[in-house]
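Reading through the structure tokens given below for one structure.
Values quoted throughout were computed directly from the atomic coordinates according to the rules given, and no laboratory measurement underlies them. Note that the structure is predicted; figures quoted are calculated from it, not measured. Heads up, the Cβs are rebuilt from the backbone with ideal geometry, glycines too, and the neighbour counts pull from every protein chain shown.
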Amino acid sequence: MTAANFHNSSTSITVADFCEMYERNEVIVNRDYQRSSGVWPISAQSFLIESILLGYPIPKLSLHQITDIKTRRTTKEIIDGQQRTHAIVAFFKNDLTLSGAGLRQDLVGKNYEALDDDLKGSFLSYLLAVDLFIGATAEDIREMFRRINSFTVPLSPEELRHADNQGAMKWFIYRLTKDLDDTMIKFGVFKERQLIRMLDAKLFSEIIHALIYGISTTKKSDLDKLYKDNDSAFVHEREIRTRIVDAIRFLEQVEPLFHTSLFRPHIFYSLLLAVTHAQQPSQQLPPVKHLMKPVQLNVTTALSKLTLLVQVMDGEIQVPELDVFVKACKDKTNVKSERLTRFQVICDHLLAE
């Protein structure tokens, strides 16, 4: 086996230089390598530009450098990064106005010319990371991507869902999880590495699904449909955000229970739904005995009763009538019947006098 007859180098190009090269047709799109000729929605383009303005890294561009020996002209074909290039050049040319639910509010509605000089400078001087392939054939490029993809960690369903969707639900989940990530770590629901893989997005998507459609076994297809059905607009946004935030505020008061079994992700699902149901009964959630109107939960009583559930889950004490609850916490963690059992028992203990 012989070494490849090409080489690649990692380099960087400022946005200003890259856009000028594009304008001079020194950087061109090779559509043979692009997955789609469609253009990202404005929200996705805007999010990319915001990332550049704020100095966050964006994925590398891959360029194939070709030199025509007759004209002595060198061009660089974009083999990965067409959509990113389109957004960057459009903003550079003042053809893109930033818009989208995930943006920092002071950037919404602005194009390049409307930025202050500091942000203009940040945009123009931003270094785009580039993999430059020189002397490669089409087969070389195909093989490079086969090998790169062989070492790439597969995206989780949540990561794929957020990559594929750019609508109202995606941005609602993005903002919600961003606002609550520190709290989730403080509670002990997730660790940093789990947040990076977007397990918080999965959990809150399932909670939102329950608040709209009721407690169920949520499959990947159910969550995909939740995003699709609420793509153009999410009419429940204000109500659900208020519900979740109010429940979180209450749970912040039971600090001795943080990092216990009660705050494991699948049990936290039932815990948060039980709290919000007590605070504001929902027709979508199962009826609970004596719960006819909103209840002002007592922190001291709730702490005592929930501590009992933790002790039972951890096997510190035995309460025969809670055996079904313990089993529901261990088996088939995301199945509807187990979720309903956990929800009902937690509600009963939260509302106990």
Order 56-63, 196-203 from most to least packed using the mean count of other Cβ atoms within 10 Å. 196-203, 56-63
Starting from the Cα of Val108, step 7 Å toward the Cβ, then list every residue of the stretch 139-183 with an amide N under 20 Å from that point. 166-180
Return the whole-Å distance between the Cα centroid of the stretch 171-197 and the Cα centroid of the stretch 204-225. 18
Label-point separation (nm) for Glu321 and Ser51, each offset 7 Å from Cα along Cα-to-Cβ? 5.4
Read phi for every residue in the stretch 154-169 and hand back ³J(HN,Hα) as whole Hz from Karplus 6.51 cos²θ - 1.76 cosθ + 1.60, θ = phi - 60°, with x for Gly and Pro. x, 5, 6, x, 5, 5, 5, 4, 6, 7, 7, 10, 10, x, 4, 5
Angle between the chain longest axis and helix 220-229 axis [Cα atoms, degrees, rounded to 10]: 70
Label-point separation in nm, Ala129 to Asp314, each point 7 Å along Cα→Cβ: 4.2
Quick check on the chain: of the DSSP beta bridges with both residues there, what percent are antiparallel, nearest 5%? 65
Could you check the simple spin-label distance between Thr301 and Lys120, using points 7 Å along Cα→Cβ, in nm with one decimal? 6.3
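Starting with the highest mean, order 83-94, 227-238, 155-166, 261-272 by the number of other Cβ atoms within 10 Å, averaged over the residues of each peptide.
Going by the mean number of other Cβ atoms within 10 Å, highest first, we get 261-272, 83-94, 155-166, 227-238.
By per-residue mean of other Cβ atoms within 10 Å, what is the highest-first order of 315-323, 180-188?
180-188, 315-323
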Angle between the chain longest axis and helix 82-92 axis [Cα atoms, degrees, rounded to 10]: 80
Note to self: C-alpha centroids of the stretch 324-345 and the stretch 275-314 sit apart, in Å, by 16
Whose amide H sits under 5 Å from the amide H of Val27, counting only residues 5 or more places off or on another chain, with H placed in the peptide plane? Tyr22, Lys76
Karplus-derived HN-Hα couplings along the stretch 105-115 (A = 6.51, B = -1.76, C = 1.60, θ = phi - 60°), whole Hz, x at Gly and Pro: 4, 6, 9, 4, x, 9, 9, 4, 5, 7, 6
How big is the antiparallel share of DSSP beta bridges in the stretch 7-152, given as a percent to the nearest 5? 65
Just to compare against my own numbers: the Cα pair-distance distribution for the chain, 20 Å bins, whole % per bin, please. 25, 44, 25, 6, 0
At a Förster radius of 35 Å, what calculated FRET efficiency corresponds to the Cβ-Cβ distance of Lys336 and His7, to the nearest 0.05? 0.05
